[in-house]
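All remarks here apply to the structure that follows.
The values are calculated or read from the model by the stated rules, or taken from the named source; none is laboratory data. All values derive from a computational prediction rather than experimental measurement. In this analysis, Cβ positions are derived from the backbone assuming ideal geometry, glycine residues included, and neighbour counts consider all displayed protein chains. Only protein heavy atoms, including side chains, enter the accessible area calculation; ligands, DNA and RNA are left aside. Shrake-Rupley method; radii C 1.70, N 1.55, O 1.52, S 1.80 Å.
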Number of protein chains: 2
Amino acid sequence: MPMQRIVVLAGGIGGARFLRGLKSAVPDADITVVGNTGDDIHLFGLKVCPDLDTVMYTLGGGIHEEQGWGRAAETFAVKEELAAYGVGPEWFGLGDRDFATHIVRTQMTAAGYPLSAVTEALCARWQPGVRLLPMTDDRVETHVLIDDPEAEGGRRAVHFQEYWVRLRASVDAHAVVPVGAEAAKPAPGVLEAIAGADVILFPPSNPVVSIGTILAVPGIREAIADADVPVVGLSPIVGDAPVRGMADKVLAAVGVESTAAAVATHYGSGLLDGWLIDTVDADSVAAVEEAGIRCRAVPLMMSDEEATATMARQALELAEEVRP
Amino acid sequence: MPMQRIVVLAGGIGGARFLRGLKSAVPDADITVVGNTGDDIHLFGLKVCPDLDTVMYTLGGGIHEEQGWGRAAETFAVKEELAAYGVGPEWFGLGDRDFATHIVRTQMTAAGYPLSAVTEALCARWQPGVRLLPMTDDRVETHVLIDDPEAEGGRRAVHFQEYWVRLRASVDAHAVVPVGAEAAKPAPGVLEAIAGADVILFPPSNPVVSIGTILAVPGIREAIADADVPVVGLSPIVGDAPVRGMADKVLAAVGVESTAAAVATHYGSGLLDGWLIDTVDADSVAAVEEAGIRCRAVPLMMSDEEATATMARQALELAEEVRP
């Protein structure tokens, strides 16, 4: 059997953990990850790419395991000092080791390297065992529209990180806008990887601010829809609640219910061929299949690498079932 | 007696330690420090100002006492990580706490603030008890010409920090060039401070790469020479050797002997009114006075704050003696 070429669209923690399971399930596969960069943010003058880094650190063995993001054995001297200078924001937890990544990235970016080249250079150290591509080299920034009685019109847009990390998605999101996406081009290699894939997977990442942002880059959604290979996703919603909190707020912003079935139909049968939902949602299988998407109910909790590898295997099995 | 206005030209460690003694000797004086920025360097995309920071940390209580530069209780996670990415230089020892200063400075600089405003902002935290001004807001970079058999013409210019820190001044310096100085303007407040000073002091800083660079900014030397107030210096050379190593190499580059008397005549009576040399060099007093500079021999080792305060007091006493 020739080496299977798998393309995975990934956000942060959920995507990264799924990828670890996938690598364990099919160690010989040729995996290309198209990473979300809509949550990128400039902090302290440095370019921070939380989702790309979470994938890179997780697959490269540098992740803070319990937390799911940031570096293991992290220290916070720089952050402490910045606070002593009165320089914020303080709500974004950058550790010393993590700072080094952003310093290298910012220096390379300032020297003219596109983000894709910078990401490749950083991965030369981490050896994630996948090809990690940013969705685009262009600047895309996900903004969230929230209520603000003091703002003109009663609402204002905040950076996704401010919504997610500072506000912890505690207020309603009225809209989620990937600012700049409409003018962005897929990064070098993204469309080629999709066109050459044997299987395309959507991990249990956030369907709006992670996968949705990637799909908002003109050309990517179309390339996936046009690819004559199975596209299979795993529900990030289990038992009508997001596996890792807070996704319901941004789903509501785009008018999608927080259910496994609603997310599948949100992607739609034009994009998705197969959809895995958790066994607790088994009674939704019929609804998803009615929407033209093959559906299976299997355990979807990524409690450890073996459970995650099993999920990945089942996604690949479902892909074979729906292969045209 | 009205508050004495003192202007001090300062390099790094020697200048900073002298200033601590000066503040202790005349706690009520109004002290303006004109700091050398010729040793500033961009590292990892960040703007580093070693001399300004050494003054700021020393007077603000954040200095690594034994080392004389860098922060106390320093850690090196960022540097370690940068090395893991293969990003150098590794010969410049930036600690995590120190990094925060450079991150703040770089961010403010990128936002358009001149170095003088950035320095003021950093000092708002450190409260050094002096007004710390960079010599200029313009970019000046001290380069040192060294032998290099592989370079065209057999010589090449290296950044002062590379000469001083990486090479430890172990090779001959053929020239010391403050690149950019001829086009630089004194930072806001520098000429005003000199014009309004009651006394101007040259601490035992390096006469070539510290004080010499400050004097190379057009207007500063002239303002000091024209000021109708005493200008008194303290020899950085004691017993024909620099107090803090290596200065002899850069003195040789400008054709000046490493002696307390030679440094005095290098500055010259057009600039200097008084000169303190160490008691071990007492037999040079006559030579210096012959050059038209009032000279006293006193202990010049800054072994502790009290010894340094005594040196500062003696400099101020000599200033009164030579006051026009």
>> With the requirement that a residue be within 15 Å of A:V238 (Cα to Cα), within 22 Å of the chain's Cα centre (by Cα) and open to solvent by 30 Å² or more (accessible area, probe 1.4 Å), what does segment A:267-306 give you?
In response: A:P299, A:M301, A:M302, A:S303
> When residues of segment B:164-183 are filtered for being at pLDDT 95 or above and either part of a loop (DSSP other than H, G, I, E, B) or among the small types (G, A, S) (or both), how many remain?
Replying inline: 3
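Can you name every residue in segment B:295-323 that is hydroxyl-bearing (S, T, Y) and modelled with pLDDT under 95? Break it down stepwise before answering.
First, pick out the residues of segment B:295-323 that are hydroxyl-bearing (S, T, Y): B:303, B:308, B:310.
Result: B:S303, single match.
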>> For the list (1) within 28 Å of B:M301 (Cα to Cα); (2) under 17 Å from the mean Cα position of the chain (by Cα), I need the number of the one condition that B:P178 fails.
In response: (1)
> Any idea which of B:D138, B:D147 is under 27 Å from B:A247 (Cβ atoms), away from chain A (no Cβ under 14 Å) and open to solvent by 60 Å² or more (accessible area, probe 1.4 Å)?
Replying inline: B:D147
>> The conditions are (1) surrounded by fewer than 16 Cβ atoms within 10 Å (Cβ to Cβ); (2) at the interface with chain A (Cβ under 9 Å from one of its Cβ atoms); (3) in contact with a His (Cβ under 8 Å, 6 or more places away or on another chain), and B:A72 fails exactly one of them. Which is it?
In response: (2)
>> Suppose we keep only residues that are surrounded by 23 or more Cβ atoms within 10 Å (Cβ to Cβ) and more than 8 Å from chain A (Cβ to nearest Cβ) within segment B:103-117. Which one would you say is nearest to the chain's Cα centre (by Cα)?
In response: B:L115
>> Just checking: which of the strands (runs of 3 or more DSSP E) contained wholly in segment B:4-79 hold 3 or more residues that are in contact with a strand residue (DSSP E or B) (Cβ under 7 Å, 6 or more places away or on another chain) and under 23 Å from B:L191 (Cα atoms)?
In response: B:5-10, B:30-35
> With (1) in contact (Cβ under 8 Å) with a residue 60 or more places away in the chain; (2) assigned to a loop (DSSP other than H, G, I, E, B) as the list, and A:S303 as the residue in question, which single condition is left unmet?
Replying inline: (1)
>> Looking at the structure I just gave you, is B:V217 under 30 Å from B:S170 (Cβ atoms), in the same structural domain as B:S269 (by TED's automatic domain parsing) and open to solvent by less than 10 Å² (accessible area, probe 1.4 Å)?
In response: yes
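Which ones in segment A:75-92 are open to solvent by 20 Å² or more (accessible area, probe 1.4 Å) and within 12 Å of chain B (Cβ to nearest Cβ)?
First, the residues of segment A:75-92 that are open to solvent by 20 Å² or more (accessible area, probe 1.4 Å): A:75-76, A:79-80, A:83-92.
Passing the criteria: A:T75, A:F76, A:K79, A:E80, A:A83, A:A84, A:Y85, A:G86, A:V87, A:G88.
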> Name the residues in segment A:49-62 that are farther than 25 Å from B:Q107 by Cα and within 14 Å of chain B (Cβ to nearest Cβ), would you?
Replying inline: A:M56, A:Y57, A:G60, A:G61, A:G62
> Do we have any residue at all in segment B:93-102 that's surrounded by 22 or more Cβ atoms within 10 Å (Cβ to Cβ), within 14 Å of chain A (Cβ to nearest Cβ) and among the acidic types (D, E)?
Replying inline: yes
>> So, in segment A:184-193, how many residues would count as being part of a helix (DSSP H, G or I) and open to solvent by 70 Å² or more (accessible area, probe 1.4 Å)?
In response: 1
> Where in segment A:197-295 are the strands (runs of 3 or more DSSP E), entirely inside, with at least 2 residues that are β-branched (V, I, T)?
Replying inline: A:199-202, A:231-234
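Would you mind stating whether B:I6 is more than 10 Å from chain A (Cβ to nearest Cβ) and buried (at least 22 other Cβ atoms within 10 Å of the Cβ)?
On the way: more than 10 Å from chain A (Cβ to nearest Cβ): yes; buried (at least 22 other Cβ atoms within 10 Å of the Cβ): yes.
Spelling it out, B:I6 is indeed more than 10 Å from chain A (Cβ to nearest Cβ) and buried (at least 22 other Cβ atoms within 10 Å of the Cβ).
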> Could you give every pair whose Cβ atoms fall below 6 Å, whose first residue belongs to segment B:240-268 and is in the same structural domain as B:D283 (by TED's automatic domain parsing) and under 23 Å from B:E289 (Cα atoms), and whose second residue is open to solvent by 70 Å² or more (accessible area, probe 1.4 Å) and at pLDDT 90 or above, counting only separations of at least 6 or pairs across chains?
Replying inline: B:V256/B:H266
>> Just to check your reading of the model, which residue among B:V190, B:V208, B:V177 is out of contact with any Ser or Thr (no Cβ under 6 Å at 6 or more places or on another chain) and not assigned by TED's automatic domain parsing to the domain that holds B:G239?
In response: B:V177
> So which of A:P89, A:P2 is at pLDDT below 95 and closer than 30 Å to B:L46 by Cα?
Replying inline: A:P89
